[in-house]
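K.L.:
Have a look at the structure that comes next, please.
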Amino acid sequence: MILRKITEYIREKKIGAVSGEAVRYLIAGVATTLVNFALFALLTRAIGVAVTVSNVTAISASILFAYIVNKHFVFRRRCETKAALAREFIKFVGSRLFTMALEVAAVLLFVDVLAQDPLIGKAIAQVLVVIANYIISKLIVFRKS
């Protein structure tokens, strides 16, 4: 449903170059979410690691994956200096730590307070996180000069 709404919005607005970026972000987001979810499921279901530890581990791995994919595939940004690269990476990780806190809180709410299945709680939290991550990446981390 969300994917359909995003696609309709892109078509309606005829965003041009931005639509390519939005489609690339959607692809990267799906891949990042798969990394996040697969690691979370592996840790919680197959290995039996606690939900919060599994969630933080999965999110951390997906943050590193997302930086590489967003930088090179989605926003296609190059840094001229190592200092610029370091600043960009710190902004990216900082913004993702913010949304990680949002996700951890949401998963705790859905799993521990509302007694949802951990995978369902994580899926719901992911919707909020994907939206927040795109906005932050577009406006702060990878914005054009």
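Quick grid of which residues meet (1) more than 11 Å from the chain's Cα centre (by Cα); (2) crowded, with 19+ Cβ neighbours inside 10 Å:
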| position | (1), (2) |
| --- | --- |
| ALA66 | no, yes |
| ASN70 | no, yes |
| ARG77 | yes, no |
| THR81 | yes, no |
| LEU85 | yes, no |
| VAL107 | yes, yes |
| ASP112 | yes, no |
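K.L.:
Mind telling me which of the residues ALA106, ALA83 ends up being small (Gly, Ala, Ser), at pLDDT 90 or above and either touching a helix residue (DSSP H, G or I) at 6+ places or on another chain (Cβ under 6 Å) or not in a helix (DSSP H, G or I) (or both)?
P.N.:
Every option except ALA106 fails the conditions.
K.L.:
Still on this structure, please answer the following. Failed condition for SER54, given (1) of a type outside the set (Asp, Glu); (2) within 15 Å of VAL129 (Cβ to Cβ); (3) at pLDDT 90 or above, with all others met?
P.N.:
The one condition SER54 does not meet is (2).
K.L.:
Regarding LEU114, is this residue under 30 Å from ARG45 (Cα atoms) and of a type in the set (A, V, I, L, M, F, W, C)? I'd like the intermediate steps shown before the answer.
P.N.:
Numbers: under 30 Å from ARG45 (Cα atoms): yes; of a type in the set (A, V, I, L, M, F, W, C): yes.
Considered against the rule, which asks whether it is under 30 Å from ARG45 (Cα atoms) and of a type in the set (A, V, I, L, M, F, W, C), LEU114 comes out as yes.
K.L.:
Answer yes if at least one residue in the range 35-44 is in a helix (DSSP H, G or I), under 21 Å from ILE140 (Cβ atoms) and without any contact (Cβ under 8 Å) to a residue 24 or more places away in the chain, and no otherwise.
P.N.:
No, every residue in the range 35-44 fails to be in a helix (DSSP H, G or I), under 21 Å from ILE140 (Cβ atoms) and without any contact (Cβ under 8 Å) to a residue 24 or more places away in the chain.
K.L.:
Based on this model, can you work out whether VAL30 counts as among the β-branched types (Val, Ile, Thr), assigned to a helix (DSSP H, G or I) and in contact (Cβ under 8 Å) with a residue 24 or more places away in the chain?
P.N.:
On the way: among the β-branched types (Val, Ile, Thr): yes; assigned to a helix (DSSP H, G or I): yes; in contact (Cβ under 8 Å) with a residue 24 or more places away in the chain: no.
So VAL30 fails the test.
The values are calculated or read from the model by the stated rules, or taken from the named source; none is laboratory data. In this text the structure is predicted, and so the values were computed from the model without any measurement. Every residue, glycine as well, gets a Cβ built from its backbone with ideal geometry; the counts of neighbours run over all protein chains shown.
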